[in-house]
Amino acid sequence: MTADHTPVEPSGSAAIPETVSEPRSGPDPTGAPAGIDPAARIHDSAEIEDGVQVGAGTRIWRRAHVRTGAVIGRDCNIGANVFVDVDVRIGDRVKIQNNVSVYEGVQLDDGAFVGPAAVFTNDLNPRATGDWQLTPTHVHTGASIGANATIVCGNDLFEYCLVGAGAVVTRPVLAHQLVLGNPARPAGWVCRCGEVVSRADEPPAGLLSAECPHRA
């Protein structure tokens, strides 16, 4: 992973081209299928089912699979081997690193970050046979999920929270809250930049404002 969070192909793989090598057939004059903005960049090896919407400036990398009904906003970065399930909603400027499965019932709001190999679930009582009940998970604006973290379904992640690498989230995470460990426990508070600003039990004054002190 590079400093700007751009997904990196595994060692020994060829670099991912910035543009589609051959335009895909569709009603748009550029060759983009219906629902795919012509300014989106999709690798030829990615599988994009019918009925998908992809916004301008979004990049979808090698071997990604996006299922029907999914909506991906503008200027997103969808890494290699990412799976986006049926009817998933992904906002603008979302970054999903390599090897993440975003299952049905998961919603990622604008500016959310999902680290490599992070795990979402959508069934609290999984079995190989029989009926199952979808349990949704909402990742709010600016929330970040570290590499290899697991988000047990039904536990929303609120604005600008930060889930540490490898954490297992079993309860909702408050806005700007930092959680670490298994199970994930409160470990402080972070600003919009992701910097730890307090280790207290309660958030510091002004933390929830629109202005980040590190950007002043």
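For region 150-172, the count of residues that are farther than 23 Å from residue 79 by Cα, modelled with pLDDT of 95 or more and aliphatic (A, V, I, L, M) is zero. Examine region 127-137 for a residue that is surrounded by 15 or more Cβ atoms within 10 Å (Cβ to Cβ) and closer than 24 Å to residue 92 by Cβ, and state whether such a residue exists. Checked region 127-137: at least one residue is surrounded by 15 or more Cβ atoms within 10 Å (Cβ to Cβ) and closer than 24 Å to residue 92 by Cβ.
One residue is enough: does region 99-110 have a residue meeting the conditions surrounded by fewer than 17 Cβ atoms within 10 Å (Cβ to Cβ) and touching a residue at least 12 places away in the same chain (Cβ under 8 Å)? Yes, the conditions are met somewhere in region 99-110.
Of the residues making up region 164-172, none is in a loop (DSSP other than H, G, I, E, B), in contact with a Gly (Cβ under 8 Å, 6 or more places away or on another chain) and not small (Gly, Ala, Ser).
Of all residues in region 81-119, exactly one satisfies the criterion of being within 19 Å of residue 169 (Cβ to Cβ), more than 10 Å from the chain's Cα centre (by Cα) and aromatic (Phe, Trp, Tyr), namely 103.
Candidates 39, 56, 3, 15: the one that is modelled with pLDDT under 95, over 24 Å from residue 157 (Cβ atoms) and assigned to a loop (DSSP other than H, G, I, E, B) is 15. Do we have any residue at all in region 162-176 that's surrounded by fewer than 18 Cβ atoms within 10 Å (Cβ to Cβ) and more than 20 Å from the chain's Cα centre (by Cα)? Within region 162-176, not a single residue is surrounded by fewer than 18 Cβ atoms within 10 Å (Cβ to Cβ) and more than 20 Å from the chain's Cα centre (by Cα).
Each residue in region 187-209 was checked for being under 19 Å from residue 146 (Cα atoms), of a type in the set (Gly, Ala, Ser) and assigned to a loop (DSSP other than H, G, I, E, B), and 1 pass.
The values are calculated or read from the model by the stated rules, or taken from the named source; none is laboratory data. Just so you know, these numbers come straight off a predicted model, no measurement behind them. No Cβ is skipped: glycine too gets one built from the backbone with ideal geometry, and neighbour counts run over all protein chains shown.
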